[in-house]
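Q: One structure coming up, written as structure tokens, with questions to follow.
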Amino acid sequence: MDSLIHDLRDITIRRISVSEIDNNVYLLTAKASGEQVLIDAADDAPAIRQLLADSAADTSAAPRLGLVATTHQHWDHVRALKELVEATRAPTAAGTDDAGALPVAVDRNLEHGDTVAVDGFSLTAVHLRGHTPGSIAFVYEAPEGPVHIFSGDSLFPGGVGNTQKDPERFNQLLTDVSERLFGAYPDGAVVHPGHGKPTTLGAERPHLEEWRARGW
């Protein structure tokens with residue numbers, strides 16, 4: 001199945017689903033330079049290698065994996081991380097408060113508002129506390145067209161991520177998502193979650209108070 005989901009002016013975005021729980025793996029490729037960022041090496045290293053191979057069609061340059069970024073520490077998002085990093089020697093990035101739990105050394109510990117960049121594009125790290133202490137959404141602000149938000153397990157169609165029925169964690173996550181995503185980006189922003197199908201901020205915004213009232 002073709003993994004290409006967005007062909008933008010400067011980059012392409014490819015996605016595959018891996019594992020028995022439909023983990024999304026995203027690959028962003030700069031058209032001019034071939035530099036790439038992979039978000040969440042969740043599982044199935046052979047499928048990820050095929051994703052990297054397929055991306056050769058997205059650039060006139062030689063594709064090169066410039067960064068492997070992890071949205072959060074949970075096991076289902078990192079099962080192929082060690083194998084991928086060992087094979088490619090690509091540097092890694094993750095939220096500071098989750099980095100120590102990853103199965104590889106993290107080269108770049110990210111705080112809220114940090115920028116990660118490769119030749120051709122950059123992503124903004126948005127710290128969303130609650131699902132895990134160091135969960136990070138990666139935001140690509142395209143020069144043309146909508147913003148793209150890679151939200152990990154912090155925001156899905158229909159609600160925020162699992163906070164194990166902990167009211168404090170839930171309130172923190174909903175507050176961060178409300179202020180740092182819905183308060184910062186327009187309705188047209190596309191949300192690419194860690195599992196399942198995409199949505200937009202506009203589709204979800206009317207339900208924020210409903211989510212707060214229900215408590216999950």
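The values are calculated or read from the model by the stated rules, or taken from the named source; none is laboratory data. All of these numbers come straight from a predicted model, not from anything done at the bench. Glycine gets a Cβ as well: all are built from the backbone with ideal geometry, and neighbour counts include every protein chain shown. We work out accessible area using only protein heavy atoms, side chains counted, and drop any ligands, DNA or RNA first. Shrake-Rupley method; radii C 1.70, N 1.55, O 1.52, S 1.80 Å.
Q: Could you compute the net charge surrounding Tyr185? Neighbours are other residues with a C-beta less than 15 Å from the C-beta of Tyr185; K and R count +1, D and E count -1.
A: Taking every other residue near Tyr185 into account, the sum is -3.
Q: Per residue, how much accessible surface does the chain expose to a 1.4 Å probe? Answer in Å², no decimals.
A: 43 Å²
Q: Report, to the nearest whole %, how much of the accessible area of the chain belongs to carbon and sulfur atoms, 1.4 Å probe, protein only.
A: 50 percent
Q: Right, here's the next one. To the nearest 20 Debye, how big is the dipole of the chain about its Cα centre, given +1 on the beta carbon of each Lys and Arg and -1 on that of each Asp and Glu?
A: Once rounded to the nearest 20, the dipole reads 40 debye.
Q: In degrees from 0 to 90, rounded to the nearest 10, what is the angle of the helix 45-54 Cα long axis to the longest principal axis of the chain?
A: Value to nearest ten degrees: 60.
Q: Let me ask you something else. On a C-alpha basis, how far is the centre of the range 129-171 from the centre of the range 64-79 in Å? Whole number, if you could?
A: Using only Cα atoms, the two centres lie 15 Å from each other.
Q: Given the -39500 (n - 2.57) contribution per DSSP H run of 4+ residues, what per-residue ellipticity at 222 nm results for the chain, rounded to the nearest 500 deg cm²/dmol?
A: For the chain, the value works out to -5000 deg cm²/dmol.
Q: Equivalent-ellipsoid semi-axes (√(5λ), Cα gyration tensor) for the range 1-66, whole Å, largest first?
A: 20, 11, 9
Q: How are the Cα pair distances of the chain distributed, in percent, across 5 Å bins from 0?
A: Calculated P(r), rounded to whole percents: 1, 8, 16, 21, 22, 17, 10, 4, 1, 0, 0.
Q: Using just the C-alpha positions of the range 11-108 as equal point scatterers, what log10 of I(q)/I(0) does the Debye formula give at each q in 0.11, 0.14 1/Å?
A: Once normalised to I(0) and log-transformed, intensities are -0.28, -0.46.
Q: Measure nothing but the geometry: give the 0 to 90° angle between the long axis through the Cα atoms of 167-176 and the longest principal axis through the Cα atoms of the chain, rounded to 10°.
A: Helix 167-176 sits at roughly 60 degrees to that axis.
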